[in-house]
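Just below is one structure, and these are the notes that go with it.
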Amino acid sequence: MTSKFHPSRECPKEPDAEKVAPDIREAARRLGWVVPTGEQEVREAEREAEANPVELPATLQNAKEVFQRADRPAQGRIAALGGRGDPQVEATLARAAREPGHLTPEIREAMRRDRKAAEEKQEEGRASAPDKDRHGQDVR
């Protein structure tokens with residue numbers, strides 16, 4: 001049985017990169033993925049910005065306040081890293097790193113309980129701070 005498949009007729013040729021590059025650049029520019037560089041591109045971007053204004057959230061409207069917030073310490077939004085934890089947990093983690101293998105049912109159950117507790121704690125935090133994202137950032 002012979003095939004009637006003829007690649008030259010059914011499969012388009014690979015596009016010439018030089019021919020499609022301007023179209024790709026224009027699409028990327030329209031999507032905002034490319035910063036305008038030429039005078040004409042800048043003028044077009046300015047016209048588009050005027051025609052389609054974007055309102056900043058109240059938390060971003062005052063640049064001075066934004067920079068002041070960025071300079072402040074995280075104020076508890078970041079978990080403390082380092083330091084010493086539970087020696088039993090550290091020993092278990094060290095052993096797991098040295099001896100990779102299957103997790104026992106007991107370990108799997110402990111991991112499931114820990115994950116559930118962490119998720120519940122996270123949900124409690126969301127309920128008490130509905131205007132904050134999961135990292136504690138203000139999203140109003």
Which value, in nm² and rounded to one decimal, describes the direction-averaged projected area of the C-alpha convex hull of segment 88-130?
-> 3.9 nm²
What's the extension gain from residue 108 to residue 93 if we count 0.36 nm per residue and subtract their Cα-Cα distance?
-> 4.0 nm
Convert each backbone phi in segment 53-59 into a coupling constant with the Karplus relation 6.51 cos²θ - 1.76 cosθ + 1.60 (shift: θ = phi - 60°), then list the ³J(HN,Hα) values in order as whole Hz, x for Gly and Pro.
-> x, 10, 8, 6, x, 3, 5
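Any read-out appearing in this document is the output of simple, stated calculations on the displayed coordinates, not a laboratory observation. Remember, it's a predicted structure, so these values are computed and weren't measured experimentally.
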